[in-house]
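Taking it in order: structure first as structure tokens, then the write-up.
The values are calculated or read from the model by the stated rules, or taken from the named source; none is laboratory data. Only a predicted model underlies this, so the values are computations on that prediction, with no experimental measurement involved. Every residue, glycine among them, receives a Cβ derived from its backbone with ideal geometry; neighbour counts consider all protein chains shown. With ligands, DNA and RNA removed, areas are computed over all heavy atoms of the protein, side chains included. Shrake-Rupley method; radii C 1.70, N 1.55, O 1.52, S 1.80 Å.
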Amino acid sequence: MAATLHDVARLAGVSFKTVSNVVNDYPHVRASTRQRVLAAIEELGYQPNLSARSLRSGRSDAISLAVPELRLPYFAELADEVIRAAERRGLVVLIEQTNRDRQREIDLLSSNRLRMVDGLLFSPLGMSEQDAALLEIGVPLVLLGERLFHPAVDHVMIQNVEAARGATRYLLERGRRRIAVVGYHPGEVIGSAGLRFRGYREALEEAGIALDERLLGVAELWHRHQGAEAAHQLLESGADFDAVFAFNDTLALGAMHALLAAGRRVPEDVAVIGFDNTDEGQYSQPTLTTIDPGRREIADLAVETVTRRIADRELPVQHVAVGWSLVEREST
């Protein structure tokens with residue numbers, strides 16, 4: 001038999017009204033009480049009656065998550081975390097894939113599909129600062145990731161520059177002086193590649209090491225094939241390097257494959273570090289050192305932010321940078 005609000009109230013040791021307030025995400029509930037109720041909801045597997053709630057409140061209790069590519073492990077794992085965070089709050093998630101295409105991202109923002117949801121979590125890659133005005137839509141919106149190009153929109157951010165600087169410093173501290181990058185986008189400034197390159201460059205400058213453009217491995221797309229191809233081109237160029245900083249784990253795994261196929265030992269000859277801390281890196285040979293950008297915290301904070309925005313559109317705008325950490329494994 002399906003669990004009810006009364007069952008949740010008994011398990012959590014609170015009133016029916018308190019459980020209802022938590023399920024409907026009313027803001028004036030103590031954090032400790034909210035957590036106790038959410039834990040009871042999860043333990044009992046309680047599922048809200050969405051159609052009844054929608055009729056009462058005018059809300060769908062659904063949010064949309066728009067990401068560039070579910071094929072990339074980072075976005076697939078982010079989607080999983082967002083779904084889990086939403087379920088804890090009695091919400092369902094509709095997934096949109098924009099394929100990194102500017103026009104698809106713009107079309108999404110004016111799509112009738114947004115009428116089906118109460119809020120949107122949006123990770124744009126194709127849009128630029130010139131498109132900022134298009135983010136002013138009638139649905140509560142939270143931007144995810146790197147592109148802070150609209151100060152009036154809630155934004156949960158990765159610390160790309162700081163984390164990339166940390167990854168490069170880590171390699172330098174281990175005696176690596178010829179550090180190549182894989183995933184470079186020439187001329188990019190505000191996207192992931194541009195920000196991670198900036199952190200790399202700043203760490204080299206701090207160490208008094210001149211930037212060597214021969215060590216910049218270009219990869220427009222960030223899949224394994226492009227990582228392998230960029231590493232192959234670095235090898236073919238004859239440029240001397242003793243480390244690779246790949247701008248995501250998928251590139252790192254492709255680059256590592258190319259290095260090993262060419263007879264380079266990892267990490268003895270070339271240390272490799274990635275970015276994203278996706279599950280694959282735990283099972284590669286060797287296992288992959290990487291940057292954890294705080295994906296779980298990003299998902300939870302984004303869902304919490306959009307939920308609060310749905311409940312009160314007059315709240316102050318939030319721009320939050322999530323913490324990162326370095327996960328050390330065998331590849332370095």
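Rg and Dmax of the chain, based on Cα coordinates, read 22.2, 71 Å. What are the GluC sites (Glu not before Pro) within the range 113-197 that DSSP puts in a loop, where the Cβ has at most 11 other Cβ atoms within 10 Å? Counting only loop positions with at most 11 other Cβ atoms within 10 Å, the GluC sites (Glu not before Pro) in the range 113-197 are GLU136.
Computed as a quarter of the hull surface, the mean projected area of the alpha carbon convex hull for the range 160-292 stands at 6.9 nm². Mind giving me the FRET efficiency for LEU134 and SER325? R0 is 25 Å, r the Cβ-Cβ distance, nearest 0.05 is fine. Approximately 0.15, to the nearest 0.05. For GluC sites (Glu not before Pro), the sites in the range 285-332 that DSSP calls loop and that have at most 16 other Cβ atoms within 10 Å are GLU314, GLU328, GLU330. Using a 1.4 Å probe on the protein chains only, how many percent of the accessible area of the chain belongs to carbon and sulfur? About 48 percent, which is the carbon plus sulfur part of the accessible surface. With a 1.4 Å probe rolled over the protein heavy atoms of all chains, the accessible area of TYR184, TYR26, TYR200 falls in the order TYR26, TYR184, TYR200, largest first. Label separation (GLU206 vs LEU94): 4.5 nm, computed from points 7 Å beyond Cα along the C-beta direction. With no solvent and one point per C-alpha, what does the Debye sum give as log10 I(q)/I(0) for the range 1-40 at q = 0.19, 0.30 Å⁻¹? Debye intensities relative to I(0), on a log10 scale: -0.44, -1.04.
The chymotrypsin sites (Phe, Trp or Tyr not before Pro) of the range 243-324 meeting both criteria, a DSSP state outside H, G, I, E and B (loop) and at most 10 other C-beta atoms within 10 angstrom of the site's C-beta, are TYR283. Peptides 201-210, 113-122, 250-259, 222-231 ranked from most to least packed, by the mean per-residue count of other Cβ atoms within 10 Å: 250-259, 222-231, 113-122, 201-210. Overall, the chain carries a charge dipole of about 980 debye about its Cα centre when +1 sits on the Cβ of Lys and Arg and -1 on the Cβ of Asp and Glu, all other atoms neutral.
Relative to the first principal axis of the alpha-carbon coordinates of the chain, what is the inclination of helix 160-173, with its axis defined by its Cα atoms, in degrees from 0 to 90 and to the nearest 10? Orientation of helix 160-173: about 40 degrees from the principal axis. Taking the longest Cα principal axis of the chain as reference, the axis of helix 295-311 is set at about 40 degrees. For the chain, the longest principal axis of the C-alpha atoms and the axis of helix 73-87 are separated by about 20°.
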